[in-house]
Amino acid sequence: MAHQKPHLKIAAEEWVPYTNLIFKDNNTFSIGGPMGQFLDIFSAMMGFSYEILRPEGALWSARLPNGSFIGMVGMLEREEVEFALGPFFATDEREAVCDFTVPVYGDYYAIFMIRPKLSNDISGFVKPFTPLVWSLILLSIFSVAVAMSFLVWAESRCFEERENDIVSKASKFAIQSLSQKGSTWLPKFDGGKVIVITWLLASFVFMSCYSGILTAMLSVPKVVIPINSLADLLKQSALPWKIEAGTMMHQYLQESEDEVKRQIYAKKAGTFVSCWRSRQEIADGEFAGICDHTSMKKIMSWDFSTTGSCHLYISKEKVYSGGILAMAFKTNSTCLPKANRLVLTLKESGIFDKWLNDQITNTTECLRPPSADRGNQISALGLESLAGIFIVLAAVSLSAPSPLTISF
């Protein structure tokens, strides 16, 4: 009598790029991706046939109030399947109801969102100098106005010449000279003229430096990255955020000792099935997702391959780091030791990493910081770039009641 192959029930769900579900015309499907390749080798080595069971709601795991699990981890807890492909982030709560293999891969979570774009800043006209330099300039204007007022008043008394509104005239002269505007008023005597010459030379040096730096800054737009951490995400209200359903991130954020992480969970805009299935919504800026790094790289690869551009961004801050990915078996499964040996062989030989890297291409361009999107090009100045300068110019012009002439 021929020996009959053992038949195993295996839980699996789609997690691109690790596990792909390849659907066929007869409503059946096969498993692709690195975990599918692992399953083919494992079943051949162990000599078993199998059937794939998908969890209800496409969930990986979720803990109920009574302490039991649903999703693939729940299927293992109830011993409905021999093992689940995953891979899963190994956590203490999951290890209490199932056994994990040796690590398959390491990964982390971060914020995934629409890519920040090049923009012009209406307040850019104050950026060429530091606050200290601007403070010293204001102090110089005040000092010149006070010194000139005192000197003109003293000289007027000495030479018995009457001069009205000295403080007002000296203050306007100091401001107008600095902004490269001429003045119809000048001191009549030598002491005041020395201050005029000194201040005009200082103003020329200042404005030459300022105009050169400002032109360079406005011609090369900057990229403002408003969200680079959970704290940034929490402070803003323009972009809602969601969390993948059935992942360990729910319990991790909800039970964290960090107040920011608990607030992130409490104020989330809902859940989504997976980062891969919601990739277009994230790229369109409908919401930000908290996703694993490998999935984000795969989506960036898809984005660049299909559009030729980069529309997505990964935050610098890691939401969860040091995660260990492994397959999950029911408790005391006799298949686990052989699975561990196969995982170690595939990892040590580099085969698993090659399988995974084959799934992720064309990511180099999109992993560059958004500031690199501008390249080496100098952009033309638009109205937004010049708006701040014209506002200041209008304010200076309105401050002068008398006609102003441009001085050369």
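The values are calculated or read from the model by the stated rules, or taken from the named source; none is laboratory data. Quick caveat, the model's predicted, so the values are computed rather than measured. Note that we place each Cβ from the backbone using ideal geometry, even for glycine, and neighbour counts take in every protein chain shown. All accessible areas refer to the heavy atoms of the entire protein, side chains included, with ligands and DNA or RNA removed. Shrake-Rupley method; radii C 1.70, N 1.55, O 1.52, S 1.80 Å.
Here are a few things to note about the model shown:
- Any cysteine of the chain lacking a neighbouring Cys Cβ under 4.7 Å - listed by number: Cys98, Cys158, Cys209, Cys335
- Accessible area of the chain divided out per residue, in Å², using a probe of 1.4 angstrom: 53
- Degrees separating the helix 383-398 axis from the principal Cα axis of the chain, which is the longest one: 30
- Zero-based 10 Å bins, Cα pair distances in the range 18-171, whole percents: 8, 20, 17, 8, 5, 8, 7, 8, 9, 7, 2, 0
- Taking every DSSP beta bridge that has both ends in the chain, the antiparallel portion is near 70%.
- With each label modelled as a point 7 angstrom along the Cα→C-beta vector, the Leu138-Met45 pair spans 7.1 nm.
- Cα centroid separation, the range 1-59 to the range 284-321: 28 Å.
- Rg over Rh, two decimals, the range 184-315 (C-alpha only, Kirkwood Rh): 1.37
- Tilt relative to the chain, helix 190-219 - C-alpha long axis, 0 to 90 degrees, to 10: 20
- At R0 = 35 Å, FRET efficiency that the Cβ-Cβ distance of Ala238 and Ser208 yields, to 0.05: 0.35
- With DNA, RNA and ligands ignored, accessible area of His7 (1.4 Å probe; Å², nearest 10): 110
- Cα-projected label distance for Thr306 with Leu200, points at 7 Å along beta-carbon direction, nm: 6.6
- Folded to 0 to 90 degrees: helix 131-158 orientation relative to the chain principal axis, Cα: 10
- P(r) weight above 38 Å for the chain, C-alpha pairs, percent: 46
- Temperature 20 °C, viscosity 1.002 mPa s: under these conditions the Stokes-Einstein estimate for the range 148-213, based on its Kirkwood radius over C-alpha pairs, is 171 µm² per second.
- Additional length obtainable on full extension of the chain from Leu53 to Gln4, 0.36 nm per residue less Cα span: 15.5 nm
- Under 17 Å from Lys172, Cα to Cα: lysines that are on another chain or at least 8 residues apart: Lys181, Lys188, Lys193
- Partner aspartates and glutamates for Lys242 [C-alpha distance under 14 Å; skip if fewer than 8 residues away on the same chain]: Glu281, Glu286, Asp292
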